[in-house]
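Undergrad: To start, I am sharing the structure in question, which I have written as structure tokens.
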Amino acid sequence: MAAIAIAAFAGLSFRLMTLKTTSPQIALPAFEPFCSTGDSLCLGFADIPFSVSVDCGQEAPELVALVDGQPAPDALSGAYPDYVFSGSFAVGIHELVLQVTDSCGQTAAETLSFEVVDCQAPAPVLYSILTLQLLPNIPATDVNGDGTIDPAAVSVLAGDFVQQAGSDCTVPVVYSIHKTADILNGTDIPQPEQSYMIFTCSDCSYNIPLRIYAWDSAVNPYSVQPDGTLGGRNYSYHGVLVEVRGNMFGICCDWGYDHSLGGEIEMIYGEPVEWSRSDFSAK
Ligand SMILES: [Ca+2]
Ligand SMILES: [Ca+2]
């Protein structure tokens, strides 16, 4: 505010005139988190438009942007009164300070935070098929809770299908395993906690279609989850096959046993069977 007093002594009249100026104003619209997609450096492009108004001085105001405490002169563009703050920033939450100084030397500043979120799903390379050998379940119990005693069973981890995990901006990446038919009929809504699957004699088959889901650890507000909710991990899935064999022990799956096993065979409770351990191979 500037005040100018004008006094007229002659005639004994006195007059006070006030010229009122306001500090610069910064108007920022609401904005949403910005996405990082497909960037190996985990950067995402952010752009925040804003406008400035000044009512003192004839020259355009000076603008300064600080991101996380560091000057970002290249991030400002535009001309009075409309500007844009923009640039590529790492996944995470950043503090932005916008400072405006008009040509009268009055300043104003706005401090805000903006977020760059990981919107990219993991993209692992998977084995397309694994062969599993059912193992005797002694004593026979109902290992999968379907009410039927299981004389043989085998479990496999979703991660066993992963040939190359690839990189992701928000680790760890976790994997889940699901029968494709169960997803399609609605009895299985994929979630990351389903990390393994048990097969029994009722699964004897040359090829059971499965889906392997890969989930990152991001909290992406734009990611539509399998249950229809919005927000959460990014994920992708790939169709694979599993072949369930059993007749090595003559228990079930009574068809020809004609070639070597692939895959890591585990007992139900996770104890590896040494003689059956072998390296996976894609077919
Ligand atoms: Ca990701
Ligand atoms: Ca059972």
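Quick note: the coordinates plus some simple rules give every number you see, no bench work behind them. Worth saying up front: this structure is predicted, and the values here are computed from it rather than measured. Quick reminder, even Gly has a Cβ in these numbers, built from the backbone with ideal geometry, and neighbours come from all protein chains shown.
Undergrad: Thinking of segment 50-110 as a set of Cα atoms, what percent of all their pairs are more than 18 Å apart? List each step's numbers first, then the result.
TA: Values: 635 of 1830 pairs.
That fraction is 35 percent.
Undergrad: For V240, which sequence-distant residues (separation of 5 or more, or a different chain) have an amide H within less than 5 Å of its own amide H, given hydrogens modelled in the peptide plane?
TA: The list, which skips near neighbours in sequence, is L210, R211, I212.
Undergrad: Kindly rank 237-244, 160-167, 114-121, 225-232 from highest to lowest mean number of other beta carbons found within 10 Å of each residue.
TA: Values: 237-244: 19.2, 160-167: 15.9, 114-121: 21.8, 225-232: 12.5.
In descending order of packing, they fall as 114-121, 237-244, 160-167, 225-232.
Undergrad: Hey, another quick one. Between E59 and A165, what length comes free when the chain is fully extended (0.36 nm per residue of separation minus the Cα-Cα distance, one decimal in nm)? Kindly include the intermediate steps, with their values, before the conclusion.
TA: Numbers: separation 106, 0.36 × 106 = 38.16 nm, distance 5.61 nm.
Working it through step by step, the gained length comes to 32.5 nm.
Undergrad: Simple spin-label model, 7 Å along Cα-to-Cβ: I149 to I198 in nm?
TA: With each label point 7 Å from Cα toward Cβ, the separation is 1.5 nm.
Undergrad: Another question, then. With θ set to phi - 60°, apply the Karplus curve 6.51 cos²θ - 1.76 cosθ + 1.60 along segment 110-124 and write out the HN-Hα couplings as whole Hz, x wherever there is a Gly or Pro.
TA: So the Karplus estimates, Gly and Pro as x, are 10, 10, 8, 10, 9, 10, 9, 10, 6, 10, 9, 6, x, 9, x Hz.
Undergrad: Then there's this: Under 15 Å from the 7 Å Cα→Cβ point of D254, by amide nitrogen: which residues of segment 194-224?
TA: The answer is 201-202, 204, whose backbone nitrogens lie closer than 15 Å to the label point.
Undergrad: Determine the gain in length on full extension of the stretch S217-T180; use 0.36 nm per residue of separation and subtract their C-alpha separation, reporting nm with one decimal.
TA: Working: separation 37, 0.36 × 37 = 13.32 nm, distance 2.35 nm.
This chain segment gains 11.0 nm when fully extended.
Undergrad: Suppose each label sits 7 Å from its Cα in the direction of the beta carbon; what would the D142-T111 distance come out to in nanometres?
TA: The modelled label-to-label distance comes out at 6.1 nm.
Undergrad: Sticking with this one: Tally Lys and Arg at +1 and Asp and Glu at -1 over the other residues with C-beta under 11 Å from the C-beta of Q25: what net charge comes out? Could the numbers behind the result be given before it?
TA: Values: positive: none; negative: D55, D102, E110.
Taking every Cβ under 11 Å from that of Q25, the sum is -3.
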